[in-house]
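First up is the structure itself, then whatever we jot down about it.
The values are calculated or read from the model by the stated rules, or taken from the named source; none is laboratory data. Note that this is a predicted model, so its numbers are computed, not measured. Cβ atoms come from the backbone with ideal geometry, glycine included; neighbour counts cover every protein chain shown. Ligands, DNA and RNA are stripped out before the accessible areas are found, and what is left, the full protein with its side chains, is counted by its heavy atoms. Shrake-Rupley method; radii C 1.70, N 1.55, O 1.52, S 1.80 Å.
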Amino acid sequence: MKRYVILISGRGSNMESLLDAGLPGTCAAVISNRPDAAGLAAAAGRGIAGIAIDHRGFASREEFDAVLADEIERHAPDLVLLAGFMRILTDGFVRRFEGRLLNIHPSLLPAFPGVRTHAQALAAGVRLHGCSVHFVTPALDGGPIIAQAAVPVLADDDADSLARRVLAEEHVLYPRVARWFLEGRLQLADGRARLAGETAACGSLHAPQAD
Ligand code: GRF
């Protein structure tokens with residue numbers, strides 16, 4: 001059975017969707033950089049003892065990342081899933097887990113990297129918004145895209161309503177991609193995401209009908 005570790009910082013709804021998906025693997029640990037993350041209680045409710053490593057206790061990003069990486073390695077994961085983990089990771093950390101480190105980002109990358117993506121999408125006037133799962137590389141939100149899901153932007157949307165619709169897609173997309181990886185079908189090769197059994201684009205893009 002393959003093993004995976006999930007990193008969170010807060011609410012943990014993506015973590016819950018991964019834990020509840022019946023993935024073909026064992027969740028070896030849930031680690032948060034915030035001891036008060038609500039997701040830790042949600043993990044405990046599923047029988048997984050969460051681990052908190054408070055980044056505020058470290059003098060530098062490098063020191064925190066080194067301790068975090070050692071803790072992750074202790075669980076010998078095949079796959080590390082960033083699920084609302086709100087820390088910029090050092091290049092050294094990313095290289096250590098390259099090819100087995102995934103992130104979900106709430107926009108159709110490469111549009112709107114960084115934070116406040118829903119407000120950015122509304123300000124830009126795009127008609128489609130969504131989420132992306134990608135391999136993590138040192139470029140912030142810039143690694144090879146694996147799969148995306150799109151939602152329409154509606155005339156009366158605000159950032160909250162748009163975020164809710166995107167989040168519902170995140171909860172479908174991330175477990176799907178994690179399953180591909182754990183089944184051994186997905187890999188990072190020559191700087192691109194490759195999915196065995198797919199002839200065209202790696203992931204899915206689907207746009208539900210607007211009301
Ligand atoms: C999600 O929108 C995720 O894409 C982004 O941060 C949010 C985390 O939400 N990186 P949750 O903690 O998974 O509920």
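Laid out as a table, the results:
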| item | result |
| --- | --- |
| When residues of segment 143-158 are limited to those that are over 15 Å from ALA168 (Cβ atoms) and in contact with a strand residue (DSSP E or B) (Cβ under 8 Å, 6 or more places away or on another chain), the one most open to solvent (accessible area, probe 1.4 Å) | ILE145 |
| Residue in segment 12-35 that is over 16 Å from the mean Cα position of the chain (by Cα) and within 13 Å of the ligand (Cβ to nearest atom) present | yes |
| Segment 54-66, subset of a type in the set (A, V, I, L, M, F, W, C) and open to solvent by 20 Å² or more (accessible area, probe 1.4 Å), residue farthest from the ligand (Cβ to nearest atom) | ALA59 |
| Lone qualifier among SER13, SER17 - being among the hydroxyl-bearing types (Ser, Thr, Tyr) and surrounded by fewer than 19 Cβ atoms within 10 Å (Cβ to Cβ) | SER13 |
| From the options LEU108, LEU140, residue that is surrounded by 15 or more Cβ atoms within 10 Å (Cβ to Cβ), within 13 Å of the ligand (Cβ to nearest atom), touching a residue at least 40 places away in the same chain (Cβ under 8 Å) and not in a strand (DSSP E or B) | LEU108 |
| From the options ASP91, ASP156, residue that is within 30 Å of ASP65 (Cβ to Cβ), away from the ligand (no atom under 12 Å from the Cβ) and over 17 Å from the mean Cα position of the chain (by Cα) | ASP91 |
| Condition check for LEU81: surrounded by 18 or more Cβ atoms within 10 Å (Cβ to Cβ), within 14 Å of the ligand (Cβ to nearest atom) and under 17 Å from the mean Cα position of the chain (by Cα) | yes |
| Members of segment 126-137 found to be more than 11 Å from the chain's Cα centre (by Cα) and assigned to a loop (DSSP other than H, G, I, E, B), listed by number | VAL126, ARG127, THR137 |
| Of residues in segment 36-58 being within 16 Å of ILE88 (Cβ to Cβ) and not β-branched (Val, Ile, Thr), the one nearest to the chain's Cα centre (by Cα) | HIS55 |
| Subset of segment 1-11 that is under 15 Å from VAL177 (Cα atoms) and among the hydrophobic types (A, V, I, L, M, F, W, C) - its residue that is nearest to the ligand (Cβ to nearest atom) | ILE6 |
| Condition met for LEU40 (aliphatic (A, V, I, L, M), within 16 Å of the ligand (Cβ to nearest atom) and over 15 Å from ARG87 (Cβ atoms)) | yes |
| Matching entry among ALA147, ALA168 (being within 11 Å of the ligand (Cβ to nearest atom), farther than 15 Å from ALA119 by Cβ and at pLDDT 95 or above) | ALA168 |
| Residue count, segment 192-201 (criterion: open to solvent by less than 100 Å² (accessible area, probe 1.4 Å) and at pLDDT 95 or above) | 2 |
| Test: residue in segment 82-92 that is assigned to a helix (DSSP H, G or I) and in contact with a strand residue (DSSP E or B) (Cβ under 8 Å, 6 or more places away or on another chain) | no |
| Every residue from segment 43-53 that is in a loop (DSSP other than H, G, I, E, B), open to solvent by less than 50 Å² (accessible area, probe 1.4 Å) and away from the ligand (no atom under 16 Å from the Cβ) | ILE53 |
